[in-house]
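Here's the structure, in structure tokens; my notes come after.
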Amino acid sequence: MASRLSLLLPFLLPICLSLSRGEEELQKIPQLSFTTETPINNVVQDPGSGRIYLGAVNAIFQLGPALNQEARAETGPKLDSRTCTPPPSACQDTKLMPNLNKLLLVHPANGSLIVCGSRYKGICSLLNLTNVEQQLYYSDSKGERTYVASIEDNVNVVGVMSTYHLRDIQDEFSVFVVGKGYGRMDSTKLISTRILEDRREWVVFESIVEASAVQTAPFAPKHQHDFRHAFKDDGFVYFLFSRTRDGTDNKNLTYVSRICESDNNYYSHTELMLSCGPGNRYNKVQAAYVAIPGKELAQSLTESGQSSKVNHMEKVLFMVASSPEEDGDSNSALCMYPLKAINERLEDIINACYFDMGSIGGKPAVDIPYFSKRDEFCKTPIAVSAPLCHFLPSPLASKPEFGLKGQHVEVRGLLTAVAIAVENDHTIAFLGNDQGEVSKVRPQSAHLSIPGLTAGERVNKNLFFDHGEDYLYITTEKKVRLVPVQTCNLKTDCKSCIDLKDPYCGWCVLEGRCTRRSECRRAEEKNGWLWSPGRECVKILSFSPPNLSCHKTQQVASLPLSPPTPPISPSSSCPRFENPDPVLIPVGFQTAIGFEGINLEQYEVHATLRLTLYNCSNGRQDCSLCKNSDPKYSCLWCGHTKSCVYNQLCDHASQQCPDPLITDIIPRYGPMLGGISVTILGSNLGIQQADIKRISVAGVPCIHQPDKYSVSTSVVCEIGRLDPEKTSSGPVEVEVEGGKRGTSTLEFTYRDPIPQEFNPSRGPKAGGTLITIKGMALDTGSQADVHITVGTVECVVGENPRLILRNKISPPVWRYSVSITTATGPHRERGHISPPPPQGQGFSKAMTSKEAQAYLGDVPCLVNTLQDDKLFLDPPSTQPRARSKRHRRDTRSEPLDLLIMFGKGEWVVGSVQYERKYEVPLPIIISAVIVPMLLIIGVSIFCYRRKSEQAEREYEKVKHQLENLEESVRDRCKKEFTDLMIEMEDHTNDVSEGRMPFLDYKTYTDRVFFLPSKDGANDVMITGKLDIPEARRATVTQALNQFSNLLNSKTFLITFIHTLEGRPEFNARAKVYFASLLTVALHGKLEYYTDIMRSLLLDLMESYVHSKNPKLMLRRSETVVERMLCNWMSICLYQFLRDSAGEPLYKLFRAIKHQIEKGPVDAKLKKAKYTLNDTRLLGDDVEYCVLVRHVLVQSEGPDVTPVKVLNCDTISQVKEKIIEQVYRNQPYTLRPKVDSVTLEWRPGSTGQILSDLDLTSQKEGRWKRINTLAHYNVSTSARPVRSQSLQKLKLRRPTPGAGNALLEDDKVFHLVRPMEELDEIKSKRGSLKDKSMTKAITEIYLTRLLSVKGTLQQFVDDFFRSVLCSGAVVPPAIKYFFDFLDEQALKHDNVDEETVHIWKTNSLPLRFWVNILKNPHFIFDVHVSEMVDSSLSVVAQTFMDACTKSEHKLSRDSPSNKLLYAKEISTYKKMVDDYYKGIRQMVSVSDQDMNTHLAEVSRTHTDKLNTEVALHQLYQYASKYYDLIIAALEDDPVAQSKHLTLRLQQIAAALEHKSTDL
């Protein structure tokens, strides 16, 4: 007889009821390891599915929880090079390189895996979590802003998922925060926040937070950050890393840094040093783990006194660290730091900086690691109530003396990994080392236990548990293992179980086996389960009673007797379980199951129980649906979690549901009379139809329709009539049982449709016409509510778009009828058969030609024209088939029926028969067409030949004349060019010997930026003198430093600029000066200056592209950013000028100067015989001869210097040439000035002082001629002496008298008197030229222009080649900026290639090269005379013309300057095009490379500039527009969050005692 036994078996939730699919696999699949071909870099686990993802070299593996491979994605090797900037197709010298996985993050919110590798500058991609072979996102064309990881193998990268909050629009989205060490070829951002979607102006993976302090290049290599771990907790993001304190001490220290998750600017970034071991012996962090400690460890941490009371539910940072390698110590330590203690110490550091000037207990406690001027911070208390996540002056760090000390456990060997678990309130640490061993440690007692794993390979940092924490994933170089956290069951007796000392294990006394406590059913009883590390075995000697009835349950007592062996009764029946109670098991709740056992005398029982698992939240998203569930499930709505759960899982059950929520109204418009049904969608709309108590739509009662009610989600009611006096629009309100009301945010509107027109207005009686009705509000109601009648006849509604209703009319209602007469006989036309038009009446009144249909046989005919009495058709070109089967079988050429259809009416109006069309023979066509064409061609050729011969004769005649003219000019140019080459040899030697008078960087920038200002050389930025009282100098200096920091806020600076540009009195000159001041002030951070310039250029580009002509952008300096661009180019191209373009420019300048001075130059009219500018051409023949004078310089020694002068030169001109020759090796600023020397002429033993005007000056009427060497009869035999001494600097001025009076009267001349002021007395020298003579002079001076142009051609070409040669070294700034313009042009449809060409021309040639070409004194220490300047202007104009795309049509009336280089313009244009194309094909300059170059320029030259003066001048603008700037900042939410208004007020208070709200 089968015996029955009732048992109660508790099932633990993590083990049985909530087994996931992955955990079931762990038990079924014996394979518990996975091996890769390449080293493993990172391992992560999906918390939802339990899947494991391996990031290895060249591959990503997707594994099941039991390490079975599910998918694999190949990531390498890739064609790349260390200097390559993606995309790789644009790179050179690429080779296959391995792709190391740098970062692996699970993003469960959108089911993606974030993968970042070491190739292509650390670009990331998104893979599908369920199948990594599917790539969700990848782009290598977004630039440096999307470079996340490092290309260096030894640089560690960590990351953590986070949320980014946009406070201005109350929006948030997922991001991941990255910490990355310094790589020489990487981005310099130590910490960055990366977006995961395209939003606003951001693209996927872009760094959306700009914080210069932790993203600046100089500090990255200095501190050598080595990131090891990142995690998030309680609104903070933490990074764990080691770094050096500064560049002088290479000792590593471990730091934990914290940033508020809501801090979008890293203002709250604070670092705390962690001290591990005695004297911080273990100072290099290796790995970390954050977990909740057990009660035992929490108590131990509290008792240690290193932190306040530690609760066992508060998280602890567990860190393994090693000692320095140079110490020869191979030991490590596990150190523990409660997060509560870390946060308290960090707040102490912040408060010390804000309130106690950086001190704690009178000792300096705060360090400023990422700022060069550390002493300037934490010196002034700031009254901020809660500075925790507010603005900090710079990222703070604790000094080592105030680091946090942690409780530690020392371990032999180098620890490389750590994982923490809690078992029965005991904390267990799993520690991996470099020998492949994984040990268990109880941190409270430092007891070790090795679970039998010795892989012989280094255990890497990826050490973690499965979902139930029953298994441990261990990763070595190329293998991942899955091992149980305990092997208690392998011990078969109590002694071996206790000797194991495993914190997981204990001896289950009554069951006689080694188990975990949770597996021993009676472990709660005293001595029921003996813990392995702390107990001894006990023995059961006897038990009573020795046997029990199958139907009786009784307590068993242990006695000191030896137990008998219970008998086993054989039975023919199989043991089984029946009647489980309960059958329904809620998910997530530990449930005890009772059942009956039959025939349990057997020791082994294999049986199956069928239970039902259910989830209350499935299909019950709101409270009403939850309360409507079957009572047997015991589901209720939990107000705490706002979800439907099992009743035992909620401590705060909601008795009443929330107010109804209305999400949609269908339709949203209804007629004024009501009567249509409205469907209201939402949630919590009652449990049953009787719960709906009241419905109103726009304030009008709506009758509930119970038969259409859906529980909680849908209510249907019929709206009533609207009172005309009430508002026609309003929300929908639903009241349910219990007085709960829900009001929609959407509004329902009462309105009537207004038909305005319909088309057509007529149709056939047969009906079938499609009518289009147009009007307003035709989308009122739904389609089912629309009823249309024409007269008394209803129309079928076809469709209901917004404003059109098309209706099919049947039966007909029109009063017009159609009568058709028969058409007979075929009609031939142009080779095609056409039936005669069917005739009748009323055609056009019934319908249009588009609605009429006609068929000839089975083919439709095109209805061309529809008249009232005729219908014109186009028949098919080929004979169709007959419509009836009888006609189809008939092969004879019978007539085909012509069928006309009007609506639904059909008429056969006649028949049509096809006949063969007549074909014209081919020979006739040829004779009629080809022969006349040949005749016409022959006559045309004859006429063309005669005209060509005549034109060729005229061309040869003109060509011969031009050749003669060119030959004469060529001979003259060749002679003069030869002379110029000989005379320029000395200048070339000076250049080759490095004696070009280059200006230093400061003088260069002063002249470029400020020399064109209204004050010129006296500008305060050039003089560098500030009138500041000595008593206020320190205060002003400190305030200006704060103003400099404020300018480094992008939000403030852009607001500052826009505010100024919005004022009408802020004119173009002020904008230019302001931009130059800004350039000097931000010269120390040129990469930031470039970022500001890019942002402003993008705004400028948007305004020109969308509202103006894009081609006009950058043409003038009408905005601040345009001048900023000019200054930026000047800074970036300074070295290029010195290295490459400076030499040909200097040679061109010297050649023009020499060419002008070789002929007569009128000192008064500023005109010369030899020039390139026709307006500066001397329009007269002046007789002159060349003299070589030997000059003796007084007080310079006995040597004489030969100087070549002209006898027509004025005395001042002679002095200039002498000074030029004597002091040719000195820069212009160091040479004596013309007015400071005198010229003495010694024809014999006595000397004569020469001057421009004296009593001997020749008079011609009221005019006086300036003295020349010819006036003094200076010949080649005598020696003029230029004397200079300190005593004679001013005493040798011309004698005052009539000469000075004449100078003041301005009635002097040199070579030619002005034409408009000639004396009436006509002398031989001053006679008036007649018109014919004037024409002759015109031809002559044009020849002179050509002569000078030909002489200087080589120098012009050399300069153009040096500037426009892309084959040579192109400055990176040009490539960087041109790529920026190309990139922006692709984003706008109305920007063509010509526009981009103009942008590039306006930004480089127009803004820089033309400026330098016209002003050589900006780069050289030289003097540019008006004559040289006029010729340089012609070359500059030619350069500008060469850079334009438009063709210049030249004529006789064109300016001579344009005609002069007309022949060369096409060559120069091609040079420009090739230059632009060559730059586009070059390898891109990355943001990183450009920033590195700019940082080097800043480091080299910033100290030389008047930065403080620039800041002071900039503040004058801020002071002038102070109120406007404050108002703009207060209106900007971002500025408010950064406290920019407060900072500006503080600066104003310090600089000018301006009253503020402080």
Task: Positions within region 1047-1062 being over 17 Å from residue 209 (Cα atoms) and either of a type outside the set (Phe, Trp, Tyr) or in contact with a Cys (Cβ under 6 Å, 6 or more places away or on another chain) (or both), in sequence order - done: 1047, 1055, 1057, 1058, 1059, 1060, 1061, 1062
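In contact with a Cys (Cβ under 9 Å, 6 or more places away or on another chain) and either of a type outside the set (S, T, N, Q) or without any contact (Cβ under 8 Å) to a residue 60 or more places away in the chain (or both), is that true of residue 104?
When the stated conditions are applied, residue 104 passes them.
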Task: Pair list, Cβ under 7 Å, 6 or more apart: region 1008-1032 residue modelled with pLDDT under 70 and surrounded by 10 or more Cβ atoms within 10 Å (Cβ to Cβ), other residue part of a helix (DSSP H, G or I) and not small (Gly, Ala, Ser) - done: 1013/1073
Task: Conditions (1) part of a loop (DSSP other than H, G, I, E, B); (2) within 30 Å of residue 175 (Cα to Cα); (3) in contact with a helix residue (DSSP H, G or I) (Cβ under 7 Å, 6 or more places away or on another chain): number failed by residue 272 - done: (1)
TODO: Tell me the strands (runs of 3 or more DSSP E) entirely within region 716-786 that contain at least 1 residues that are touching a Gly at 6+ places or on another chain (Cβ under 7 Å).
DONE: 729-736, 740-750, 754-759
Open item on the list: So, residue 139, is that one in a loop (DSSP other than H, G, I, E, B), open to solvent by less than 10 Å² (accessible area, probe 1.4 Å) and modelled with pLDDT of 85 or more or not?
Closed with: no
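Being among the aliphatic types (A, V, I, L, M), part of a helix (DSSP H, G or I), open to solvent by less than 100 Å² (accessible area, probe 1.4 Å) and modelled with pLDDT of 80 or more is the requirement here; does residue 931 meet it? Let's see the steps before the verdict.
Numbers: among the aliphatic types (A, V, I, L, M): yes; part of a helix (DSSP H, G or I): yes; open to solvent by less than 100 Å² (accessible area, probe 1.4 Å): yes; modelled with pLDDT of 80 or more: yes.
It is true that residue 931 is among the aliphatic types (A, V, I, L, M), part of a helix (DSSP H, G or I), open to solvent by less than 100 Å² (accessible area, probe 1.4 Å) and modelled with pLDDT of 80 or more.
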Open item on the list: Please return the ranges of strands (runs of 3 or more DSSP E) entirely within region 642-702 where 1 or more residues are under 30 Å from residue 587 (Cα atoms).
Closed with: 643-646, 661-666, 677-683
Open item on the list: Looking only at region 1404-1415, filter to residues that are touching an Asp or Glu at 6+ places or on another chain (Cβ under 9 Å) and within 13 Å of residue 1148 (Cα to Cα); which one of those is most open to solvent (accessible area, probe 1.4 Å)?
Closed with: 1414
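Name the single residue that is least open to solvent (accessible area, probe 1.4 Å) among those in region 710-721 being of a type outside the set (Val, Ile, Thr) and modelled with pLDDT of 90 or more.
Initial filter on region 710-721 (of a type outside the set (Val, Ile, Thr)): 710, 712, 714, 717-718, 720-721.
Still in the running and modelled with pLDDT of 90 or more: 714, 717-718, 720-721.
On the way: 714: 17, 717: 0, 718: 74, 720: 21, 721: 167 Å².
My answer is 717.
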Task: Filtered residues of region 729-788 (kept if open to solvent by 70 Å² or more (accessible area, probe 1.4 Å), within 23 Å of residue 670 (Cα to Cα) and touching a Lys or Arg at 6+ places or on another chain (Cβ under 8 Å)) - done: 747, 755, 756, 757, 758
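How about region 1525-1540: which of its residues are surrounded by 14 or more Cβ atoms within 10 Å (Cβ to Cβ) and within 19 Å of residue 1062 (Cα to Cα)?
Going residue by residue through region 1525-1540, those that are surrounded by 14 or more Cβ atoms within 10 Å (Cβ to Cβ) are 1525-1526, 1528-1529, 1532, 1534-1540.
1525, 1526, 1528, 1529, 1532, 1535, listed by residue number.
Can you tell me which residue in region 861-870 is surrounded by the fewest Cβ atoms within 10 Å (Cβ to Cβ), limited to those that are more than 60 Å from the chain's Cα centre (by Cα) and in a strand (DSSP E or B)? I'd like the intermediate steps shown before the answer.
The first filter runs over region 861-870 and keeps only residues more than 60 Å from the chain's Cα centre (by Cα), leaving 861, 865-870.
Filter again for in a strand (DSSP E or B), leaving 861, 865-866, 870.
Details: 861: 23, 865: 12, 866: 17, 870: 16.
Taking the candidates together, the pick is 865.
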Task: Answer residue from region 462-478, given it is open to solvent by 50 Å² or more (accessible area, probe 1.4 Å) and assigned to a loop (DSSP other than H, G, I, E, B) and is nearest to residue 35 (Cα to Cα) among those - done: 478
Open item on the list: On the basis of being surrounded by fewer than 21 Cβ atoms within 10 Å (Cβ to Cβ) and basic (Lys, Arg), does residue 119 make the cut?
Closed with: no
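Out of the residues in region 154-183 that are hydrophobic (A, V, I, L, M, F, W, C) and farther than 22 Å from residue 46 by Cα, state the one that is surrounded by the most Cβ atoms within 10 Å (Cβ to Cβ). Break it down into steps so the answer makes sense when it comes.
Initially, region 154-183 is screened for residues hydrophobic (A, V, I, L, M, F, W, C), giving 155, 157-158, 160-161, 166, 169, 173, 175-178.
Restricting the remaining residues to those that are farther than 22 Å from residue 46 by Cα gives 155, 166, 169.
On the way: 155: 21, 166: 14, 169: 8.
Restricting to residues being hydrophobic (A, V, I, L, M, F, W, C) and farther than 22 Å from residue 46 by Cα, the top hit is 155.
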Open item on the list: Residue pairs, Cβ under 6 Å, 6 or more apart or interchain, first in region 1241-1253 and within 17 Å of residue 1194 (Cβ to Cβ) and of a type in the set (Phe, Trp, Tyr), second surrounded by 15 or more Cβ atoms within 10 Å (Cβ to Cβ) and modelled with pLDDT under 70. List them.
Closed with: 1241/1280
TODO: Taking the residues in region 295-311 that are closer than 13 Å to residue 336 by Cβ and under 46 Å from the mean Cα position of the chain (by Cα) as candidates, determine which candidate is most open to solvent (accessible area, probe 1.4 Å).
DONE: 306
- [ ] Take the residues in region 234-267 that are not in a strand (DSSP E or B) and not acidic (Asp, Glu), then tell me which one is surrounded by the fewest Cβ atoms within 10 Å (Cβ to Cβ).
- [x] 248
Open item on the list: For region 1460-1482: of the residues being touching a residue at least 24 places away in the same chain (Cβ under 8 Å) and among the hydrophobic types (A, V, I, L, M, F, W, C), which is nearest to residue 1405 (Cα to Cα)?
Closed with: 1472
- [ ] Could you figure out which of (1) part of a loop (DSSP other than H, G, I, E, B); (2) touching a residue at least 24 places away in the same chain (Cβ under 8 Å); (3) not aliphatic (A, V, I, L, M) isn't true of residue 309?
- [x] (2)
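So which of 1470, 1504, 1449, 1477 is closer than 23 Å to residue 1174 by Cα, open to solvent by 60 Å² or more (accessible area, probe 1.4 Å) and not hydrophobic (A, V, I, L, M, F, W, C)?
Values: 1470 fails: closer than 23 Å to residue 1174 by Cα; 1504 fails: closer than 23 Å to residue 1174 by Cα; 1477 fails: closer than 23 Å to residue 1174 by Cα.
Result of the check over 1470, 1504, 1449, 1477: 1449.
When you scan region 1154-1190, how many residues do you find that are aromatic (Phe, Trp, Tyr), closer than 16 Å to residue 1430 by Cβ and open to solvent by 40 Å² or more (accessible area, probe 1.4 Å)?
Qualifying residue count, region 1154-1190: 0.
Anything in region 708-739 that is closer than 16 Å to residue 692 by Cα and under 49 Å from the mean Cα position of the chain (by Cα)? List them, or say none.
710, 711, 712, 713, 714, 715, 732, 733, 734
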- [ ] Scan (1) hydrophobic (A, V, I, L, M, F, W, C); (2) open to solvent by less than 20 Å² (accessible area, probe 1.4 Å); (3) under 28 Å from residue 1356 (Cα atoms); (4) at pLDDT below 90 for the single condition residue 1151 breaks and write down its number.
- [x] (4)
TODO: Keeping to region 390-402, report how many residues are at pLDDT 85 or above, surrounded by 21 or more Cβ atoms within 10 Å (Cβ to Cβ) and not hydrophobic (A, V, I, L, M, F, W, C).
DONE: 1
- [ ] Filter region 1362-1403 down to residues that are closer than 24 Å to residue 1493 by Cβ and not in a helix (DSSP H, G or I) and give me whichever is most open to solvent (accessible area, probe 1.4 Å).
- [x] 1369
TODO: Select from region 1229-1266 the residues that are crowded, with 19+ Cβ neighbours inside 10 Å and of a type in the set (Ser, Thr, Tyr) and list them in ascending order.
DONE: 1238, 1251
Task: Matching residues, region 1103-1137, being at pLDDT 90 or above and among the charged types (D, E, K, R) - done: 1122, 1123
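The values are calculated or read from the model by the stated rules, or taken from the named source; none is laboratory data. Keep in mind it's a predicted model, so treat the numbers as computed, not measured. Positions of Cβ are generated from backbone atoms using ideal geometry, with glycine treated the same way; all protein chains shown enter the neighbour counts. Just the protein is used for accessible areas: all its heavy atoms, side chains included, with ligands, DNA and RNA removed. Shrake-Rupley method; radii C 1.70, N 1.55, O 1.52, S 1.80 Å.
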